[in-house]
1. If you take just the helices (runs of 4 or more DSSP H) that sit entirely in the stretch 4-95, which of them hold at least 2 residues that are at pLDDT below 55 and small (Gly, Ala, Ser)?
2. Residues that are surrounded by fewer than 18 Cβ atoms within 10 Å (Cβ to Cβ) and of a type in the set (Val, Ile, Thr): which helices (runs of 4 or more DSSP H) entirely in the stretch 235-314 hold 2 or more of them?
3. Check Leu45 against each of (1) loosely packed, with under 12 Cβ neighbours inside 10 Å; (2) over 21 Å from the mean Cα position of the chain (by Cα); (3) not assigned by TED's automatic domain parsing to the domain that holds Thr186 and name the one condition it does not meet.
4. Out of everything in the stretch 108-159 that is small (Gly, Ala, Ser) and closer than 18 Å to Gly202 by Cα, what residue ends up being farthest from the chain's Cα centre (by Cα)?
5. Taking the stretch 139-171 as the region of interest, how many residues are among the polar types (S, T, N, Q), part of a helix (DSSP H, G or I) and surrounded by fewer than 17 Cβ atoms within 10 Å (Cβ to Cβ)?
6. For the structure I just gave you, tell me whether Val300 is touching a residue at least 40 places away in the same chain (Cβ under 8 Å) and of a type in the set (A, V, I, L, M, F, W, C).
7. Can you go through Thr153, Thr215 and tell me which one is in the same structural domain as Ala245 (by TED's automatic domain parsing), under 26 Å from Leu115 (Cβ atoms), of a type in the set (S, T, N, Q) and modelled with pLDDT under 90?
Amino acid sequence: MSVREAAPVTVPAHAAPAPTGQLQRSRRSGQWWVPWLFLAPALVLFVYFKFIPMAQAIGMSVQEVRPYLGNTWVGGANYTEILSSEGFRSAAWNTVVLAVGQTFGSMVLGFCLALLVEGQTRKLTFIRSAAFLPVVVPLAVVAELWRIMYHPTGDGLINQLIGLVGLGPSGFINDPHTSLASIAVTGIWRGAPYDMMIFLAGLAGIDRGLYEAATVDGASTWKRILHVTLPGLRPVFAILFVLAAVRGFRTFTEVFLLTNGGPNGSTEVVMTLIYKLGLEQSRLGVGSAGAVLLFAATLVLTVCVQLLRRRRSA
């Protein structure tokens with residue numbers, strides 16, 4: 001019994017499958033505009049409400065703004081005036097102190113919270129959601145809540161709590177010596193849960209085998225955090241430092257609602273000073289110069305952190 005061998009099937013040259021790269025290019029051809037179509041509404045809002053006002057602020061910073069009379073060119077006179085102002089230097093110092101305190105305070109507290117609530121159980125999910133509530137609460141509500149708790153008399157909530165350990169009542173936001181620290185505590189309380197969530201995402205990306213190997217080697221909990229957790233979270237720390245620092249430099253609402261720069265200018269920051277110069281005193285040119293200086297400082301900080309991060313990773 002003979003078995004016929006199957007004749008080889010020849011595929012025409014025109015029927016040969018196209019390369020994978022060519023198929024992908026053919027599928028994407030003519031559709032490059034689809035992502036931009038979805039981004040268009042957000043881009044329009046950004047351009048109209050952010051980039052155009054930024055360009056106008058830069059233009060007004062070198063002009064004497066006179067509504068209905070026409071602006072006049074003054075060059076760098078506005079920058080000279082605001083840089084030579086004692087009020088601006090004091091506000092800049094308060095801004096730096098507040099930004100540093102809020103940045104490191106929220107990062108340390110957020111890191112500790114992330115270590116405490118890391119896990120997959122339902123109880124931890126509820127605790128994480130409850131801890132994140134300060135972030136979603138409107139900042140005006142947060143400021144009013146802390147203003148009530150900071151009531152300077154002995155009947156205030158925080159004064160009653162510290163009275164339990166024998167400490168006398170404090171003026172908090174009404175005392176020039178404690179007002180800035182009180183605002184920093186409010187910012188830390190609100191910013192730490194946001195940092196906690198980013199730390200949790202970073203902790204999820206650390207290889208669990210490293211913890212197991214460290215445990216086998218007899219490393220304690222503190223050593224595992226020091227030699228495994230912290231190195232694994234180095235990129236997260238860099239990102240959070242930039243975000244928290246920018247958040248600290250742009251502090252306005254809590255200061256404006258809690259103290260409005262008082263008492264005696266002890267909590268005056270650059271943002272509240274710009275607001276007063278531009279909208280209360282109608283010195284829009286000088287206020288715009290202050291805003292440009294604040295933007296430049298934030299930009300320099302961000303670029304320096306990114307360059308330092310790239311140098312370490314190289």
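The values are calculated or read from the model by the stated rules, or taken from the named source; none is laboratory data. It should be emphasised that the depicted structure is a prediction, and the values quoted were computed from it without experimental measurement. No Cβ is skipped: glycine too gets one built from the backbone with ideal geometry, and neighbour counts run over all protein chains shown.
1. Fully inside the stretch 4-95 and qualifying: 20-28.
2. Numbers: elements: 253-258, 270-275, 284-313.
Result: 284-313.
3. Of (1) loosely packed, with under 12 Cβ neighbours inside 10 Å; (2) over 21 Å from the mean Cα position of the chain (by Cα); (3) not assigned by TED's automatic domain parsing to the domain that holds Thr186, only one is false for Leu45: (2).
4. Gly119
5. 1
6. Details: touching a residue at least 40 places away in the same chain (Cβ under 8 Å): no; of a type in the set (A, V, I, L, M, F, W, C): yes.
Taking the combined requirement at face value, the residue does not satisfy it.
7. It is Thr215.
Here is a yes/no grid of residues against (1) on the phi < 0 side of the Ramachandran plot; (2) in contact (Cβ under 8 Å) with a residue 12 or more places away in the chain:
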| residue | (1), (2) |
| --- | --- |
| Ser179 | yes, yes |
| Ile183 | yes, yes |
| Pro193 | yes, yes |
| Arg208 | yes, no |
| Glu212 | yes, no |
| Gly218 | no, no |
| Trp222 | yes, no |
| Thr229 | yes, yes |
| Pro235 | yes, yes |
